[in-house]
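What follows is calculated from the coordinates using simple rules that are stated; it is not laboratory data. Everything numeric here is computed off the predicted structure, so don't read it as measured data. Cβ placement follows ideal geometry from the backbone for every residue including glycine, while neighbour counts extend to all protein chains displayed.
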Amino acid sequence: PRYIWLSRHGESQYNLEGKIGGDALLSERGVKYSKKLKSLVEQYIPNHEKLEVWTSTLRRTQQTAQYLDYPKKHWKALDELDAGSCDGLTYDEVAEQFPEDFAARDENKFEYRYRGGESYRDVIIRLEPIIMELENQENVLIITHQAVLRCIYAYFMNVPQEESPWMSIPLHTLIRLEPRAYETLVTRIKADI
Ligand code: F6P
C-alpha cells in the first residue's frame, strides 16, 4: 500500500504562549517530540530507509525533523497560514485590537483573509503543487503546521474544502493516510511524551 505520513511540528514556544504565526523554536516538550518522532518513524514506516521528509521553511518544522536522517525538502508552500497584521498576537489580542476581523473570521473562517495575510482558501490554492507532487511520491513524511495540515487532510479525506478549518490535527501525533480508490484510510499514532 501507498502511505502518506503527516505530522505537525512539535510544540513551539509560541504554542505555549498561545501566539499565532511567527517563527519560534520548539519548547522543551517539542524537542522531546522531535526525538520521539525518530523512533516512531523507524517503528511504523515500512521502508523508512527510502523516506523523504518535507518541511516548511519555518524553524519549528525543520527543528522537528532534526533527528530524521533522510533526504529533505523545505517548501515555502508548506509555511503556516499567514496571519498578516495579527502575526505574533494571541487570539485575545486579536479580538481586542481587531474586533471586526475577529468577528468576520468567526462568521466565515474558511473565506476570512487576515489583513496582509491569507485565508484557508488561499492556503488550499498554494498547496496545489504540493498535492500534485505528492501524487508522484511513494514514501513521504510531511512535517508542517496546523492550518496547512487541515487542508491536506481534508483533501485526502474528501471532505468539502469549506470544512478544512475544523479538521482536528493534534500536536505530537503521526498520522498515516492510505489513499484507496474510493476512500482514504487514516491511522493516528499518538506519541506518548
Ligand atoms: O496556533 C498555532 C497555529 O498554527 C497558528 O500559527 C495559526 O494561525 C493557527 O494555528 C491556525 O489555526 P486557526 O485557523 O484555528 O486559528
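What's the tally of Lys pairs in the chain whose alpha-carbon atoms lie under 21 angstrom apart, where the two lysines are 8 or more places apart or on different chains?
For the chain, qualifying lysine pairs total 19.
Can you give the charge dipole size of the chain about its Cα centre, rounded to the nearest 20 debye, using +1 on the beta carbon of Lys and Arg and -1 on the beta carbon of Asp and Glu?
Using only the charged Cβ atoms, the result is roughly 820 debye.
Could you please report the charge total around I175, scoring K, R as +1 and D, E as -1 over all other residues with beta-carbon less than 14 angstrom from its beta-carbon?
+4
Gain in length, E135 to A181, computed as 0.36 nm per residue apart minus the alpha-carbon separation, to one decimal in nm?
Going from the current span to full extension adds 15.2 nm.
Across bins of 10 angstrom width beginning at 0, how are the C-alpha pair distances of the chain distributed, in whole percent?
9, 37, 37, 15, 3, 0
Let me check I've understood the local charge: for I20, count other residues with C-beta under 9 angstrom from its C-beta, Lys and Arg +1, Asp and Glu -1. What total comes out?
Around I20, the surrounding residues sum to -1.
How do 70-76, 59-65 rank on mean C-beta neighbours within 10 Å, highest first?
59-65, 70-76
Rounded, prolate or oblate for segment 16-98? Axes are the square roots of the Cα gyration tensor eigenvalues, ordered a ≥ b ≥ c, and the cut-off for rounded is a/c under 1.5.
prolate
Can you give the helix-only mean residue ellipticity at 222 nm for the chain, where every DSSP H stretch with n ≥ 4 adds -39500 (n - 2.57) and the sum goes over all residues, rounded to the nearest 500 deg cm²/dmol?
The helix contribution divided over the chain gives -10000 deg cm²/dmol.
Of F102, Q66, H48, which is farthest along the charge dipole of segment 27-112 in the positive direction, counting Lys and Arg as +1 and Asp and Glu as -1 at C-beta?
Checking the options against the dipole of segment 27-112, the answer is H48.
With an 8 Å cut-off on Cα pairs and a minimum separation of 6 or more residues, tell me the relative contact order of the chain in percent.
In percent, rounded to a whole number, it is 31.
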